[in-house]
Amino acid sequence: MSRPRVIGLTGSIGMGKTTTAAMFAEAGLPVWDADAAVHRLYGPGGAALGPVGALCPEAVTLEGIDRARLRDWIARTEGALARLEAVVHPLVAADREEFLARAAREGADLAVVDIPLLFETGAEDGVDVTVVVSAPEEVQRARVLARPGMEAGHLSRIMARQMPDAEKRARADHVIETDGMERARAQVRDLVARLRSARDA
């Protein structure tokens, strides 16, 4: 049972990462989503409830972690974010490894891990191939500002925490352009074929 070759998928907000991850799934690849993993860990009975509750008891409810209460605690408590990450990141990593072990058992040759801050957190060291999704800035802004409750100032703050798109593109092994969905789907299919061909060579 060999470990699948791991594709690290990332991209800035509004670049089409979630849609592109779905395209990899359509191509038959197992896909792990970091945000979905946190949602599971924070949900009812999730593995994060005990460790997070030890840091911030008021955030734990019958429905799982109350993110608004957690954000309030982070905002008013010095060093809170680092303490939270210290307990949550290992749980997320364990969830990802469980996914990859399952993919290996099921015979997958390629697997995708969707990690929003792949480069920012150094997570690229744990993957074999890095893929960045990208679109022109005007397309990115239009997509994000169309979301309910999103304002230009909030978008600017989010983008300030993320590595610039140009730097991500420069660091990536492959870039998928998402300004056209059919074009993006064709790029995904081509990349999967090339990675499989290289593995078989």
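Percent antiparallel among DSSP beta bridges with both residues in the chain, to the nearest 5? Please report the intermediate quantities before stating the final value.
Details: 2 of 18 bridges.
Just about 10 percent of them are antiparallel.
What's the longest bit of the chain with no exposed GluC sites (Glu not before Pro), using DSSP loop states and at most 15 other Cβ atoms within 10 Å as the test?
Numbers: sites that count: GLU63, GLU78, GLU106, GLU120, GLU151.
That gives 1-62 as the longest site-free run.
In the Gaussian network model of the chain, springs joining C-alpha atoms below 10 Å, which of GLY11, GLY43, GLY149 carries the largest mean-square fluctuation?
Among GLY11, GLY43, GLY149, the largest GNM mean-square fluctuation belongs to GLY149.
If I fit a long axis through the Cα atoms of helix 17-26 and take the longest principal axis of the Cα atoms of the chain, what angle between them do I get, 0 to 90°, rounded to 10?
50 degrees
Obtain the nm distance between the two label points defined at ASP128 and ARG69 by a simple spin-label model: each point lies 7 Å from its Cα along the Cα-to-C-beta direction.
4.4 nm
If you take the C-alpha gyration tensor of the chain, multiply each eigenvalue by 5 and take the square root, what semi-axes do you get, largest first, in whole Å? Walk me through the intermediate numbers first.
Working: eigenvalues 179, 107, 39 Å².
Rounded to whole Å, the semi-axes are 30, 23, 14.
What are the ³J(HN,Hα) values, in whole Hz, obtained from phi via the Karplus relation 6.51 cos²θ - 1.76 cosθ + 1.60 with θ = phi - 60°, for each residue of region 81-88 in sequence order, with x given for Gly and Pro?
4, 5, 5, 5, 4, 5, 9, 7
Separation between the GLU120 and ARG105 pseudo-spin-labels, each 7 Å from Cα along Cα→Cβ, expressed in nm?
Those two pseudo-labels are separated by 3.3 nm.
Would you look at the GNM of the chain, springs on alpha carbons closer than 10 Å, and say which of VAL131, VAL38, VAL113 moves the most?
Residue with maximal mean-square fluctuation among VAL131, VAL38, VAL113: VAL38.
Taking amide hydrogens as modeled 1.01 Å from N in the peptide plane, which residues meet the under 5 Å criterion relative to LEU118, leaving out close sequence neighbours?
Here the answer is GLY11, since their amide H atoms fall under 5 Å of that of LEU118.
What is region 77-157 by shape, rounded, prolate or oblate, if you read a ≥ b ≥ c off the alpha carbon gyration tensor as root eigenvalues and call it rounded for a/c under 1.5, prolate for a/b larger than b/c, and oblate otherwise? Before the final figure, lay out the partial values.
On the way: a/c = 2.51, a/b = 1.36, b/c = 1.85.
Oblate is the answer for region 77-157, as a/c is 1.5 or above yet b/c matches or exceeds a/b.
Please compute the contact order of region 32-105 in relative form: average sequence separation of alpha-carbon pairs under 8 Å and at least six residues apart, divided by the residue count, as a percent.
Values: 58 pairs, mean separation 23.7, N = 74.
Relative contact order for region 32-105 comes out at 32 percent.
Please list, in order along region 61-75, the HN-Hα scalar couplings obtained from phi with the Karplus expression 6.51 cos²θ - 1.76 cosθ + 1.60 (θ = phi - 60°), rounded to whole Hz, x for Gly and Pro.
Result, ordered by residue: 10, 5, 8, x, 7, 7, 5, 5, 5, 5, 4, 4, 4, 4, 5 Hz.
Using a Förster distance of 30 angstrom, determine the FRET efficiency expected from the C-beta separation of MET163 and ALA47, and round it to 0.05.
On the way: r = 29 Å, r/R0 = 0.96.
Computed FRET efficiency for MET163 and ALA47 comes out at 0.55.
We did not get these values from a lab; they are worked out from the coordinates using the rules stated. Keep in mind it's a predicted model, so treat the numbers as computed, not measured. Ideal geometry is used to build each Cβ from the backbone, glycine not excepted, and the neighbour counts take in all protein chains shown.
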